[in-house]
1. For A:Gln37, which of the numbered conditions (1) more than 18 Å from B:Tyr35 (Cβ to Cβ); (2) within 11 Å of chain B (Cβ to nearest Cβ); (3) in contact (Cβ under 8 Å) with a residue 40 or more places away in the chain fails to hold?
2. Within segment A:54-109, track down each residue that is surrounded by fewer than 15 Cβ atoms within 10 Å (Cβ to Cβ), modelled with pLDDT of 85 or more and of a type in the set (A, V, I, L, M, F, W, C).
3. Quick check: anything in segment A:10-26 part of a strand (DSSP E or B), out of contact with any strand residue (DSSP E or B) (no Cβ under 6 Å at 6 or more places or on another chain) and surrounded by fewer than 13 Cβ atoms within 10 Å (Cβ to Cβ)?
4. Go through (1) closer than 22 Å to A:Ala2 by Cβ; (2) in contact (Cβ under 8 Å) with a residue 40 or more places away in the chain; (3) among the aliphatic types (A, V, I, L, M) one by one and return the number of the condition A:Met69 breaks.
5. Which numbered condition in (1) within 14 Å of another protein chain (Cβ to nearest Cβ); (2) under 25 Å from A:Phe33 (Cα atoms); (3) part of a strand (DSSP E or B); (4) not small (Gly, Ala, Ser) is the only one that B:Tyr24 fails?
6. Test each condition in (1) more than 14 Å from chain B (Cβ to nearest Cβ); (2) in contact with a Ser or Thr (Cβ under 6 Å, 6 or more places away or on another chain) for A:Arg85 and report the one that comes out false.
7. For segment B:55-109, give me the residue count where each residue is modelled with pLDDT under 95 and of a type in the set (A, V, I, L, M, F, W, C).
8. Looking at B:Ala42, is it among the aliphatic types (A, V, I, L, M) and crowded, with 17+ Cβ neighbours inside 10 Å?
Amino acid sequence: DARVTQTPRHKVTEMGQEVTMRCQPILGHNTVFWYRQTMMQGLELLAYFRNRAPLDDSGMPKDRFSAEMPDATLATLKIQPSEPRDSAVYFCASGLAPGQGGYEQYFGPGTRLTVT
Amino acid sequence: GQSLEQPSEVTAVEGAIVQINCTYQTSGFYGLSWYQQHDGGAPTFLSYNALDGLEETGRFSSFLSRSDSYGYLLLQELQMKDSASYFCAVPGTASKLTFGTGTRLQVTL
């Protein structure tokens, strides 16, 4: 069955290193979201795309985070340089636009990032 | 801005019924969603209410009162596997979701 995939599932890295997380949305979904989840802050929206164009990245620290969709089957979230406070689970989700009944989001399994 | 309030924890006995409440404040309202998340897992969609009233899906039901800015998730015939965190969420423009802080449900024997 169709599902969102994310790689890697786990990542341990040292402070200052670059981290790239990848997401393959469900085929046919035109909206892709990146979320971060921590115990303290809960689920936070970092950025999202519609038809590969960024719609909102106001939840993302601009100086170190960047999100892109090089094609319809791949979304990336990059952190450079990484810091210990970036340790969290990063989820990608995909769905349809509101006009297409897009009220349901399908989440990938997440990337658990630990920055030491 | 948007904010949602939920109880942080709820405990109930297997076979019982439990209600998880959510109150919200939004600048524009399109509906109320509920997601379930097991420990170590990803959020999964449970329900969506755009209109007032009760929506039933198997053992789970969701209710919305737009005039009261209030909704709830009702879980019946609780099972151990229902132990999870439950999030209410409101979609904004372009289906962007704002999540509540989540309610941790523990089902006991």
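The values are calculated or read from the model by the stated rules, or taken from the named source; none is laboratory data. What you are looking at is a predicted structure, and each value in this text was computed from that prediction instead of being measured. Methodologically, a virtual Cβ is constructed for each residue, glycine included, from the backbone with ideal geometry; neighbour enumeration extends over all protein chains shown.
1. Single failed check for A:Gln37: (1).
2. A:Leu74
3. Within segment A:10-26, none of the residues are part of a strand (DSSP E or B), out of contact with any strand residue (DSSP E or B) (no Cβ under 6 Å at 6 or more places or on another chain) and surrounded by fewer than 13 Cβ atoms within 10 Å (Cβ to Cβ).
4. Of (1) closer than 22 Å to A:Ala2 by Cβ; (2) in contact (Cβ under 8 Å) with a residue 40 or more places away in the chain; (3) among the aliphatic types (A, V, I, L, M), only one is false for A:Met69: (2).
5. Looking at each condition in turn, B:Tyr24 falls short on (1).
6. Single failed check for A:Arg85: (2).
7. 6
8. Judged against the criteria, B:Ala42 is a match.
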